[in-house]
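**Student:** Here's a structure for you.
The values are calculated or read from the model by the stated rules, or taken from the named source; none is laboratory data. Here the structure is a predicted model, which means the values were calculated and not measured. Please note: Cβ atoms are built from the backbone with ideal geometry, for glycine as well, and neighbour counts cover all protein chains shown.
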Amino acid sequence: MSFKVSPIMGAKEPQIKRHPTNVTLLIGSKAVLPCVSVGNPKPDISWIKNEVVVKVNDRISILDYGTLKIHDIEKADAGQYRCVAKNSFGLEYSKPVTVEVQVPARILKVPETKKVAFGSEITMQCNATGDPIPTITWLENGNTVSDASVEEIIVEEVINSTLRVVVNKPGLYTCIATNRHSGGASTVKATAKVTISGTETELRFEEFV
């Protein structure tokens, strides 16, 4: 591939030799997007995100050789990026790349402790969020809930799970939310105690990442 040569001896328009690539990252991690260019004079490198110039701050920096580095990446950093190489004889854009930011599963609404009459149908609710959207499973005393129905609704990045089951004995009902992301997998749990007689109720919440 040849350069375009200007009438001024040795001057060359910018040319990007190494383009950035798509990345998928876990929130809080570091993004490194390369952009290597040549030209004479040496091109200045800037970056745009969703067609808006990226501003350098305490988290975001552009290294001397053009690489964009983002520390402690946030959900708001997700988007489409391009680098721009520019000198006095022209400019060139890199191909657009996508930065995807994923988030571990997190429970927003835990199931509530209940005290009910024998043979009653109870409703337990559990809401979770994350990116990718988590899956929710229910356990009764550590085992899969039998003779129960589960309804799920997803609104934006929140999954709302409703368990309906007839209770014939006291038990612990556990909501488990799990998602898989670039950092592996995250699982969070919330457990509520259901009693039939006048025993005290309790709510336990445990989280594992």
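**Student:** Can you list the strands (runs of 3 or more DSSP E) found entirely within segment 27-116 that contain at least 3 residues being touching a residue at least 12 places away in the same chain (Cβ under 8 Å) and among the charged types (D, E, K, R)?
**Tutor:** It comes to 97-109.
Conditions (1) modelled with pLDDT of 95 or more; (2) in contact with a Lys or Arg (Cβ under 6 Å, 6 or more places away or on another chain); (3) on the phi > 0 side of the Ramachandran plot, marked per residue:
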position	(1), (2), (3)
SER6	no, no, no
ALA11	no, no, no
THR24	yes, no, no
LYS30	yes, no, no
LYS42	no, no, no
ASN50	yes, no, yes
TYR81	yes, yes, no
LEU91	no, no, no
THR98	yes, no, no
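**Student:** Search segment 45-73 for residues being in contact with a strand residue (DSSP E or B) (Cβ under 7 Å, 6 or more places away or on another chain) and surrounded by fewer than 16 Cβ atoms within 10 Å (Cβ to Cβ), and hand back the single one that is farthest from GLU13 (Cα to Cα).
**Tutor:** ARG59
**Student:** Continuing with the same structure: Can you say whether ALA148 is under 15 Å from SER120 (Cβ atoms) and small (Gly, Ala, Ser), as far as the supplied structure shows? Talk me through it step by step, then tell me what you get.
**Tutor:** Details: under 15 Å from SER120 (Cβ atoms): yes; small (Gly, Ala, Ser): yes.
Criteria met by ALA148.
**Student:** Pick from segment 106-129 the residues that are of a type in the set (Lys, Arg) and farther than 30 Å from ARG180 by Cα: which of them is nearest to the chain's Cα centre (by Cα)?
**Tutor:** LYS114
**Student:** Determine whether THR129 is within 21 Å of VAL32 (Cβ to Cβ) and either touching a Pro at 6+ places or on another chain (Cβ under 7 Å) or in a strand (DSSP E or B) (or both).
**Tutor:** When the stated conditions are applied, THR129 does not pass them.
**Student:** Being in contact (Cβ under 8 Å) with a residue 40 or more places away in the chain, within 13 Å of VAL145 (Cβ to Cβ) and of a type outside the set (Ser, Thr, Tyr) is the filter here; which residues of segment 168-184 pass it?
**Tutor:** Matches in segment 168-184: ASN168, CYS175, ILE176.
**Student:** Consider ARG59 carefully, then state whether it is charged (D, E, K, R) and in contact with a His (Cβ under 6 Å, 6 or more places away or on another chain).
**Tutor:** yes
**Student:** Checking the structure you have, find out if any residue of segment 163-171 is modelled with pLDDT of 95 or more and either surrounded by fewer than 17 Cβ atoms within 10 Å (Cβ to Cβ) or under 21 Å from the mean Cα position of the chain (by Cα) (or both).
**Tutor:** There is at least one residue in segment 163-171 that is modelled with pLDDT of 95 or more and either surrounded by fewer than 17 Cβ atoms within 10 Å (Cβ to Cβ) or under 21 Å from the mean Cα position of the chain (by Cα) (or both).
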